[in-house]
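Here the structure comes first, spelled out in structure tokens, and everything after it is commentary.
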């Protein structure tokens, strides 16, 4: 086994991972719940960028319902982003389990 070649491959993989993570931090996903009444936009890195709420679901006497919709939308957007991120990382690692990825 050639150690120099192995190190080169590791550096190439590391560079690919860094580039993919940077791209994923910019890539967005959108999740809509309650037939589009609440829409959440987030990055694949898990940052929530925007939440849109249709005024028809704003009921001061039922704040719990609105909170649940928002939470569900955020959770779905983050889950979508994580799935995309995991798929992209797998492409660069060849399926190898790398801690922290």
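The values are calculated or read from the model by the stated rules, or taken from the named source; none is laboratory data. All values reported here derive from a predicted model rather than from experimental measurement. Don't worry about glycine lacking a Cβ; one is built from the backbone with ideal geometry, like all the others, and counts go over all protein chains shown.
The table that follows gives values for the structure above.
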| item | result |
| --- | --- |
| Unmet requirement for residue 81, which otherwise passes all of (1) surrounded by 15 or more Cβ atoms within 10 Å (Cβ to Cβ); (2) at pLDDT 95 or above | (2) |
| Options 38, 29; residue that is touching a helix residue (DSSP H, G or I) at 6+ places or on another chain (Cβ under 9 Å), in contact (Cβ under 8 Å) with a residue 12 or more places away in the chain and under 18 Å from residue 91 (Cβ atoms) | 29 |
| Residues of the stretch 20-40 satisfying the condition of being at positive phi and either surrounded by fewer than 17 Cβ atoms within 10 Å (Cβ to Cβ) or part of a helix (DSSP H, G or I) (or both) | 35, 36 |
| Residues being out of contact with any helix residue (DSSP H, G or I) (no Cβ under 7 Å at 6 or more places or on another chain) and within 25 Å of residue 17 (Cβ to Cβ) - total across the stretch 42-80 | 6 |
| Every residue from the stretch 41-56 that is part of a loop (DSSP other than H, G, I, E, B) and either more than 24 Å from residue 92 (Cα to Cα) or out of contact with any strand residue (DSSP E or B) (no Cβ under 7 Å at 6 or more places or on another chain) (or both) | 45, 46, 47, 54 |
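Per-residue answers, yes or no, for (1) part of a helix (DSSP H, G or I); (2) touching a residue at least 24 places away in the same chain (Cβ under 8 Å); (3) touching a strand residue (DSSP E or B) at 6+ places or on another chain (Cβ under 9 Å); (4) buried (at least 16 other Cβ atoms within 10 Å of the Cβ):
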| position | (1), (2), (3), (4) |
| --- | --- |
| 18 | yes, no, no, no |
| 60 | no, no, no, no |
| 65 | yes, no, no, no |
| 72 | yes, yes, yes, no |
| 87 | yes, no, no, no |
